[in-house]
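One structure is given here, and the rest of the page talks about it.
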Amino acid sequence: MSHTVLEALQALTKVLRTASPSPEVESRLAELRRAATDQLAHETELTAQVERYQTILARALDVAATTSLGSVAGRVLDGMIEVTDARRGFVGLVDDHHRWSILVARTRDRGDITDPTAQLSRTIVTEMLAKGDAVVTFDARHDDDKPADSVVALDLRSVACLPLRWEGRTIGFVYLDDPGTR
């Protein structure tokens with residue numbers, strides 16, 4: 001369909017440049033051009049969504065073939081980083097006393113993060129555990145009057161900390177962030 005839309009746009013552009021249509025015809029051609037442009041944009045968005053879903057499916061199949069917890073967490077995390085375009089991510093485990101530890105910590109290029117506990121906002125993880133709900137911020141440095149020290153020190157911008165639940169309790173979390181500006 002997009003090939004046809006492109007051809008229609010090219011034909012309309014040519015007609016508008018070479019002919020001297022009446023104002024009414026010119027107005028109708030402009031409407032058709034806008035409609036064709038909107039259709040092309042819609043098709044482009046649908047193509048991008050299909051590619052994202054294909055990535056998610058490929059990651060799910062990859063995880064299904066894995067047996068160790070660390071390996072599964074790493075593969076899921078790699079997929080989440082890819083789909084969300086995060087710069088890095090962490091998977092943590094939480095015990096019954098809300099103490100947590102990092103199971104896997106990766107960058108966008110799938111490199112391991114050294115000293116992962118020092119590379120995420122403990123304040124945001126603690127907030128997620130206290131609330132029992134996801135904590136998502138698009139500008140962590142400016143969301144509060146005084147951002148957490150870790151947010152400032154790590155120069156965090158976008159952060160998502162999502163609880164992993166099993167039978168009504170939080171057993172872990174996925175933490176994704178995007179430090180600094182792009």
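The values are calculated or read from the model by the stated rules, or taken from the named source; none is laboratory data. Because the structure is a prediction, the values reported are computed rather than measured. Positions of Cβ are generated from backbone atoms using ideal geometry, with glycine treated the same way; all protein chains shown enter the neighbour counts. Accessible surface areas use protein heavy atoms only, side chains included; no ligands, DNA or RNA. Shrake-Rupley method; radii C 1.70, N 1.55, O 1.52, S 1.80 Å.
Computed quantities for the displayed model
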{"item": "Amide H contacts of Leu156 (H built 1.01 Å from N, under 5 Å, at least 5 apart or other chain)", "result": "Gly180"}
{"item": "Amide proton proximity set for Val104, modelled H, under 5 Å, gap of 5+", "result": "Val91"}
{"item": "Computed label-point distance, nm, for sites Arg110 and Glu167 using a 7 Å Cα→Cβ extension", "result": "3.5"}
{"item": "Note, ³J(HN,Hα) from phi for the range 99-107, Karplus 6.51, -1.76, 1.60, rounded to Hz, x at Gly and Pro", "result": "7, 10, 9, 8, 8, 9, 9, 9, 9"}
{"item": "Residue-wise HN-Hα coupling along the range 126-134, computed from phi with Karplus coefficients 6.51, -1.76, 1.60 (Hz; x: Gly, Pro)", "result": "4, 4, 4, 5, 5, 6, x, 10, 4"}
{"item": "Accessible surface of Glu7 - all protein chains present, 1.4 Å probe, nearest 10 Å²", "result": "90"}
{"item": "Rough spin-label spacing in nm, given labels placed 7 Å along Cα→Cβ, for Thr13 and Asp96", "result": "6.8"}
{"item": "Per-residue ³J(HN,Hα) for the range 35-51, Karplus 6.51 cos²θ - 1.76 cosθ + 1.60, θ = phi - 60°, Hz, x for Gly and Pro", "result": "5, 5, 5, 4, 4, 5, 5, 4, 5, 5, 5, 4, 4, 5, 5, 4, 5"}
{"item": "Heavy atoms of Val72 accessible to a 1.4 Å probe, total area in Å² rounded to 10", "result": "40"}
{"item": "Stretchable slack from Thr117 to Glu43, in nm (0.36 nm times residue separation minus alpha-carbon distance)", "result": "22.4 nm"}
